[in-house]
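J.: Questions regarding the structure given below will be posed in turn.
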Amino acid sequence: MKISASIISANFSNLDRDLIEAKDAGVDWLHIDVMDGVFVPNITIGPLILPYCKKSTNLPLDVHLMITRPETHIHNFAKAGADHISVHVENNPNILRTVQEIRELGVSPGIVINPGTPLEMAEYLLPFVDMVLIMTVNPGFSGQEFIPEIVKKISKTRDLISKNNYNILIEVDGGINKNTLKTVIDAGADVIVAATAIFRHPLGITAGVNELLNSI
Ligand code: DX5
Ligand code: ZN
């Protein structure tokens, strides 16, 4: 299992310190939640944060675009140092082209499906991507409750990947904590995203990462 720590819940006035602590505690990737206030009802950060994250930790940068017309921004994220860029299937009639463009930019492409989106929306894209990101909350905010009904979508995705022998990671994002992590790993997740459980842990970041690791 890999842990992708979402910087959205880090302390932005001490970002460097928080990210280094997360890395030292055993986090594998940094997850960058990009929101535009249109595709989702919240606005966060853009490409300018990426070089700082890279400089602090040198960890792979896992960019999750929750924006309209992501194809007009992917080159900026690639230039800023993204290693993975994942785009939603819900609002993009030419998603395959966007996925191919991400790969042409030298970045690893992923697709994302919202809780209400059936796996079938992603099925024909699987041969073209390196990762499928399954949302277990409605995108837009950290700190939301995990939606347990989505676990069967993770298992279904795992079955589809095994049946076709695809070389794809399953990432799960939203409400992951010590109580929900094991369920998603058992269902077939390879990468888990956590913001609150790491950066808002009452005993600190290291304790948050350890608690996740100890829960499986
Ligand atoms: C939700 C984001 C998630 C979220 C995770 O729109 O994509 O990455 O910030 O936050 P927690 O771990 O608090 O659910
Ligand atoms: Zn995310």
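The values are calculated or read from the model by the stated rules, or taken from the named source; none is laboratory data. Predicted, not measured: the structure shown is a model, and the values here were computed from it. Every residue, glycine as well, gets a Cβ built from its backbone with ideal geometry; the counts of neighbours run over all protein chains shown. Surface areas here come from the heavy atoms of the whole protein model, side chains and all, with no ligands, DNA or RNA. Shrake-Rupley method; radii C 1.70, N 1.55, O 1.52, S 1.80 Å.
J.: In square nanometres, what is one fourth of the surface area of the convex hull spanned by the alpha carbons of the chain?
T.: 10.6
J.: Next up: Reachable aspartates and glutamates from LYS152, Cα under 19 Å, same-chain residues fewer than 8 places away excluded?
T.: Within the straight-line limit of under 19 Å, LYS152 reaches these aspartates and glutamates: GLU120, GLU123, GLU171, ASP173, ASP186, ASP190.
J.: Return the Cα extents of the range 18-83 along principal axes one, two and three, sorted largest first, each rounded to a whole Å.
T.: Between the extreme Cα coordinates on each principal axis of the range 18-83 lie 35, 24, 15 Å.
J.: Any idea of the accessible area per residue across the chain, 1.4 Å probe, to the nearest Å²?
T.: Per residue, the chain has 45 Å² of solvent-accessible surface.
J.: Still on this structure, please answer the following. On the accessible surface of the range 1-125, probed at 1.4 Å, how many percent belong to carbon and sulfur atoms?
T.: 52
J.: Calculate the dipole size of the chain relative to its Cα centre from +1 charges on Lys and Arg beta carbons and -1 charges on Asp and Glu beta carbons; express the result in debye to the nearest 20.
T.: 100
J.: Okay, next question. On a full-extension model of 0.36 nm per residue, what is the gain between LYS152 and ASP16, subtracting their alpha-carbon distance, rounded to one decimal in nm?
T.: Computed gain between LYS152 and ASP16 is 45.2 nm.
J.: Find, among the GluC sites (Glu not before Pro) in the range 38-134, those assigned to loop by DSSP (not H, G, I, E, B) with at most 16 other beta-carbon atoms within 10 angstrom.
T.: GLU90
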